[in-house]
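Notes follow the structure.
Values in this text are rule-based calculations from the coordinates and carry no lab data. Note that the structure is predicted; figures quoted are calculated from it, not measured. Heads up, the Cβs are rebuilt from the backbone with ideal geometry, glycines too, and the neighbour counts pull from every protein chain shown.
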Ligand code: SF4
């Protein structure tokens, strides 16, 4: 069933942790599981992430990522006092609710929060109100609204805020109950329940109408996964939350003709695939029920962007120095991968033409055949080493036209090899960099080239 699985907020937060690990190295502390999914968490732990529940569990001066669920202002204060470098991976759709809370309080409105008491997201949003000395009531059912007592001023507006992963249908009922009981009940113009929750709940509702059993991949702690089970059950079919294949109880499948499979916003696609394979291996036919295509993407946090830029600048400075010396000295394998990744980013983003010239020219003239296609300056020599040296020595005189010529050589090679320009370009850059640092054609060079290409692919 689609949409299912990772939402834009979860994808972003996982990428943030990976980037921070790449920038600062292990360990990186994550305050609260970055997403509620054990498979994802175990993978990040293997890379050097350490999950903690409280800011006090993060060593002083360490680097920490605050999870996608959001954090109260108090946690940022505590981190500051402990000298912790924080990268906030709060999903922008959760941040929106934080801002709505602050805005309501500034206007003197009475906020009421529809959500699950004690859920990390709720703790973060309600923490904003604590700064203003306000305790915001939390309701999660029509019954809760019945018991709700508010000490309102005359005409005071009640602002309803909602946990992003709450049950869409339940929210409608709770808001109706609030409107029936109180006057002046308003909601933010943009609904708080996020697009991923809305889409997944709508899709699973339709799925449940077509099958005899629904399985939802997700962790027990995942609010949005639990809500999917709730919605499916609401359609009158048995539904179970499973973390992975091992959780499937064969008893559930007895007398079942069609099984519906979905996944919470933090469930990895690999687990979903495993389960699909489990059923298809039994000879069961599969069909993907598509309710909606999702195109949502969130850009990375600003502070992370700045940190990356600072590192790229430092790296580029080092590269420039080493290039000017004619070779890259003391280079480790990690540095080499970083170098190529950053080089590509810079080539694309900033158009650092000087570096481009050096790399592309040195690549394009490596093959004797290609040399003939270059202008007469290069035809003076037919040795790779000579041509490379010539390019370095004359780098400032090289013309834009010559770069285009190099591009065309790469394009021709790509066509002949039946690969994309990008992969041919990347292969040539890696090849060229290895030449620059002193490798000659041979087993060792090609093995290292393969290794670097694999690592670059993983980036
Ligand atoms: S479920 Fe919604 S609010 Fe939560 S991380 Fe995903 S997109 Fe953001």
- Message: Just want the ordering: 76, 99, 66, from fewest to most Cβ atoms lying within 10 Å of their own Cβ.
- Response: 99, 76, 66
- Note on the structure: Rounded to whole angstrom, the alpha-carbon centroid of the range 204-269 lies from that of the range 1-48 at a distance of 24
- Message: If packing is taken as the average count of other Cβ atoms within 10 Å, what order do 161-168, 107-114 fall into, highest mean first?
- Response: 161-168, 107-114
- Using label points projected 7 Å from each Cα along Cα→Cβ, tell me how many nm separate residue 212 and residue 278, to one decimal. 1.8
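When the chain is fully extended, how far beyond the present Cα-Cα distance does residue 247 get from residue 15, taking 0.36 nm per residue of separation?
On the way: separation 232, 0.36 × 232 = 83.52 nm, distance 2.78 nm.
Extending this stretch completely gives an extra 80.7 nm.
Taking a temperature of 20 °C and a viscosity of 1.002 mPa s, what whole-number D in µm²/s does Stokes-Einstein yield for the range 94-186 with Rh from Kirkwood over alpha carbon pairs?
Values: Rh = 13.2 Å.
Diffusion coefficient, whole number: 162 µm²/s.
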- Item | Gained length - residue 190 relative to residue 448, 0.36 nm times residue gap less alpha-carbon distance | 87.7 nm
- Message: At 0.36 nm per residue, and after removing the present C-alpha to C-alpha distance, how many nm does the segment from residue 297 to residue 254 gain when stretched out fully?
- Response: 11.4 nm
- Task: Just grab the label-to-label distance for residue 172 and residue 152, each label 7 Å out from Cα along the Cβ direction, in nm (one decimal).
- Result: 2.4
- Message: Based on the alpha-carbon set only, what is the convex hull volume of the range 8-90 divided per residue, in Å³?
- Response: 75
